[in-house]
Amino acid sequence: MRRKDEKAGKFQAEESIPVIAGEPAMAHAHYMQTVTDVTLNHSHMMELYTYAVNGNSTDGHVHTFQGHTLMADGHFHRFLGTTGPAVGLPNGEHYHRIVSQVEDEPFSFLGNLYKTVLTVPRHVHRYRGVTGRGIGYEPDRKPS
């Protein structure tokens, strides 16, 4: 949040942050790395960052995410989804569980574009995992 310093005519950072369920609700994101299940004799590595939201370890907030798997068997898949609610840790930090599946259309890169791979049947891969703890907090505002 920002407020205008009337004397200087400039905007300055607001010192207060929202509080939800008794804890500060700070903007943050999460990272997750996993491997899909095996379908058609292959699996895909996945890495993702969630989109940032304001939340804490007790408010049940969720994050959205999207991306694509790494190449395997000559193709990759797109994915998008929403995490489960925040799971609090004893130290005030939290993580999220993710259980989902990739989209069924296989793609390959074509320069700066990508195209459907017609030689690979449409198929899905399921994936699951847990995110790491929150990242991207403002300095000195990370949960203790």
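Suppose the chain between Arg78 and Arg122 were pulled fully straight at 0.36 nm per residue; how much longer would it get relative to their current alpha carbon spacing?
Values: separation 44, 0.36 × 44 = 15.84 nm, distance 1.24 nm.
The Arg78-Arg122 span can extend by a further 14.6 nm.
Starting from the Cα gyration tensor of region 35-144, multiply each eigenvalue by 5, take the square root, and state the resulting semi-axes largest first in whole Å. Intermediate values should be presented prior to the final figure.
Numbers: eigenvalues 214, 41, 21 Å².
Largest first, region 35-144 gives 33, 14, 10 Å.
Quick check for you: which residues of region 106-135 have the amide N under 18 Å from the point 7 Å beyond the Cα of Val38 toward its beta carbon?
Taking a point 7 Å out along Cα→Cβ of Val38, the residues of region 106-135 whose backbone N falls under 18 Å are 123-128.
Estimate the FRET efficiency between Leu110 and Gln66 by the formula 1/(1 + (r/R0)^6), using the beta-carbon distance for r and 22 Å for R0, to the nearest 0.05. The partial results should precede the final answer.
Numbers: r = 20 Å, r/R0 = 0.93.
Once the sixth-power term is evaluated, E becomes 0.60.
Every number in this text was worked out from the coordinates using simple rules, so none of it is lab data. Since the model is a prediction, treat every value here as computed from it, not as a measurement. Glycine also receives a Cβ, built like all others from the backbone with ideal geometry; neighbour counts cover every protein chain displayed.
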